[in-house]
Amino acid sequence: MADAETDSLTAEQQACLALWAVPGLGPRTLAALRAFADGSLAPLVAAPVRDWVSQAPVSSQVRRRLASVERLAPVAWRVLEACRRSGMGVAFAGQRAYPERLAEVLDAPPLLFYRGEPGLPRRRLAMVGSRHPDQGFLPFARRFARQVAEAGVGVVSGAAAGVDQACHWGALEVKGETWAFLGSALDALDVAQARLLPHFLDRGGMFFSELPPGVRASTTTFPRRNRLISGASDAVLVLRAGERSGSIYTAKAGRAQGRPVFAMPGDLRQEAAAGCNTLLRNGEAAACLRPEDLWRVLKVDPRTAVPPGERGSWEALSAEAKGTFAMLDRVPRSFDEVLIGSTLSPAALVSALVELELTGLVIQHPGRLYERI
């Protein structure tokens, strides 16, 4: 079994997975190691670690940890075996289970551990907030997330108690897609997250973590996790946040990543809303009072959105539709532009575009301009 699983990974992926499991080794160090190995991590799998570790561009602490390993391939196998026991998958950047927008982020992890089944591409909104919002706010947050999901927008949050979980539940209630990025490994969930996971798996949601099996949450993992929530999304909405709330980190990460950031204003007397009010006062977020405030930025029209639960699956798409989708991007293109780059006849291209529109993967703007979700 070990050979079969490691054989399913390229040498580059084996090295990446093994190195990512080393505590203290992050995206920048991994990039430095890739440059050290002439642009590919693959040679580091073939060679004994002792042959290259003394010259590797890593911290002394990471070097000591690497020096205790004979070769990288067995480390990759041990991580895969731990994933198998816990029902986790591993998604490398560029693979379908890896969030496409997250791959654009400068310090994105090279891989993610996940549970759940990848859905179709869509617009996604990060919805985050305090664990302890003001009285009566959680039902409002749940209704708001339900409206967002009903418009075909995916809800991304952190599965924490309070606002995060209310938003996840709002999406799940209408069979909308929802993603949770955790501050622990997926085999080290807290009680509330463990109770939530089966509902995600039953209704098409996904749990993600950049942390390898066995890593528990800490005060350092949560701030790092927040950049993934914003990075995987098209915009960020802070519903409730105190001045020191972790949701403020998500807003700051979103701004650094070029994501539009929104905040809901709150009562000036409520400490739980102080962070949102500060974001608005400093011009670091736009005000959001209702879901309609988000549609223009997300390029969503709820009147034409495919309802949650009716979007089908990627596998059900025709080869022509999949090929056409791959040609499109988030800059509207005319039918003629798409046709020039396509091998399809005009009639076949029309059919493929209609299929993509009906599935909710493509938006047609006036003037026969097409844009992918």
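The values are calculated or read from the model by the stated rules, or taken from the named source; none is laboratory data. No experiment lies behind these values; they were computed from the predicted model shown. Cβ coordinates were reconstructed from backbone atoms using ideal geometry, including for glycine residues, and neighbour counts include every protein chain displayed. The area values use the complete protein model at the heavy-atom level, side chains included, leaving out ligands, DNA and RNA. Shrake-Rupley method; radii C 1.70, N 1.55, O 1.52, S 1.80 Å.
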Selection status of Gly323, part of a loop (DSSP other than H, G, I, E, B) and either in contact with a Cys (Cβ under 9 Å, 6 or more places away or on another chain) or more than 18 Å from Val153 (Cβ to Cβ) (or both): no
Top-ranked residue of segment 301-344 - restricted to ones that are modelled with pLDDT of 90 or more, of a type in the set (Val, Ile, Thr) and surrounded by 16 or more Cβ atoms within 10 Å (Cβ to Cβ), ranked as nearest to Ala251 (Cα to Cα): Thr324
Some residue of segment 282-292 being assigned to a helix (DSSP H, G or I), under 25 Å from Pro302 (Cβ atoms) and without any contact (Cβ under 8 Å) to a residue 24 or more places away in the chain: yes
Unique residue being aliphatic (A, V, I, L, M), over 19 Å from the mean Cα position of the chain (by Cα) and at pLDDT 95 or above when the list is Ala251, Ala285: Ala285
Qualifying strands (runs of 3 or more DSSP E) (wholly inside segment 111-225; at least 1 residues being crowded, with 18+ Cβ neighbours inside 10 Å and of a type in the set (Val, Ile, Thr)): 124-129, 154-157, 178-181
Tally of residues being open to solvent by less than 30 Å² (accessible area, probe 1.4 Å) and either more than 30 Å from His132 (Cα to Cα) or assigned to a loop (DSSP other than H, G, I, E, B) (or both) across segment 268-281: 0
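It is to be established whether one or more residues within segment 94-101 are within 18 Å of Phe262 (Cβ to Cβ) and open to solvent by 30 Å² or more (accessible area, probe 1.4 Å). Outline the logic, then answer.
Let us first name the residues in segment 94-101 that are within 18 Å of Phe262 (Cβ to Cβ), namely 101.
The next check asks that each one be open to solvent by 30 Å² or more (accessible area, probe 1.4 Å); those that pass are 101.
Yes, there is a match, as at least one residue in segment 94-101 is within 18 Å of Phe262 (Cβ to Cβ) and open to solvent by 30 Å² or more (accessible area, probe 1.4 Å).
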Yes/no for Val49 being touching a Cys at 6+ places or on another chain (Cβ under 9 Å) and either closer than 28 Å to Ser230 by Cα or without any contact (Cβ under 8 Å) to a residue 24 or more places away in the chain (or both): no
Elements of type helices (runs of 4 or more DSSP H) in segment 1-72, at least 1 residues being modelled with pLDDT of 95 or more and over 25 Å from Ala108 (Cβ atoms): 60-67
